[in-house]
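J.: Take this structure first; my questions come after.
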Amino acid sequence: MKSKSDEMMIQHGKIHINFDKIFGKGASSTVFKGHLIGPSPLHQQQKTAQTQKFVDCSVAVKVTNKFGQTEVEQLFKEIDAMKKLGYHEHVMCMLGWALPGDTPCLVFEIAEKDLLHYMSEFRDAVAEVMPYQKFLDILRQIILDKFLFMFFIKA
C-alpha cells in the first residue's frame, strides 16, 4: 500500500508546519497551519485549472498524536481513500502526505469556512434557493455516506 501512496508524497523540505497555529485538535490527531513549497502531488497528477491553486499555498497539516503499527495501517488506508476521491470542489481534498520528522502527516487544502459558519450563512439565505429541510436531508446523507465509506475502508 505504501508504494501506491509514494506518488502522493511531498518531498522533504517542501512543507513547513507552523506548530504554533492549531486549526483543530481531536483524540487521534492535531491539524496545524502549514505552507507548501512548489506544486502539490495532487496538482502534479491531475494538472487541471482547479488544482493550480495548490502550488505554493497555505495548507492544513494533520499530524497524528500517537503513531504505532495500527496508525501506520490507518494512515495508508486514508491516503488510498483520499487518492481515490481526488479533487472535488465541494470536498476538502488531500494534496499529499509528508514525513517531516518521525511521524507522517497528511496535507489538505484549507477550507474557506467551517461547517458551523456555512450553516449560519445558509440559514440566513433566501428560502427559495433551497429549503432548509432539504439541505439538512442532503447533509445527513453526506455524513451517512462518509461514515459508510470510512467503515468499508477500515474493514
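Since every read-out is calculated from the coordinates, none of them should be taken as a lab result. Please read these numbers as outputs of a predicted model, since none were measured by experiment. Counting neighbours? That spans all protein chains shown, and the Cβs are built from the backbone with ideal geometry, glycine included.
J.: Report the Cα-based extents of segment 62-108 along its three principal axes, largest first, to the nearest Å.
T.: 32, 19, 13
J.: Another one. Tabulate in residue order the Karplus-calculated ³J(HN,Hα) for segment 37-48, using 6.51 cos²θ - 1.76 cosθ + 1.60 with θ = phi - 60°, rounded to whole Hz; enter x for Gly and Pro.
T.: With coefficients 6.51, -1.76 and 1.60, one gets 9, x, x, 6, x, 4, 5, 4, 7, 8, 6, 10 Hz.
J.: Can you give the FRET efficiency to the nearest 0.05 for V55 and Q133, using r as the Cβ-Cβ distance and R₀ = 41 Å?
T.: Calculated transfer efficiency: 0.55.
J.: Just need the Rg to Rh number for segment 11-62, please, alpha carbons only, Kirkwood Rh.
T.: 1.04
J.: Using just the Cα positions, wrap segment 1-110 in a convex hull and report its mean projected area in square nanometres, one decimal place.
T.: Quarter of the Cα hull surface area: 6.5 nm².
J.: So between I110 and L144, what do we pick up on full extension, going 0.36 nm a residue minus the alpha carbon distance?
T.: Net length gain for the segment: 9.9 nm.
J.: Can you check what the net charge comes to around V63, using other residues whose Cβ is under 12 Å from the Cβ of V63 (Lys, Arg +1; Asp, Glu -1)?
T.: Here the charged neighbours net out to +2.
J.: Say the cut-off is 28 Å between C-alpha atoms; which of K25/K134; K21/K83; K25/K83; K83/K134; K62/K134 go over it?
T.: K25/K134; K83/K134; K62/K134
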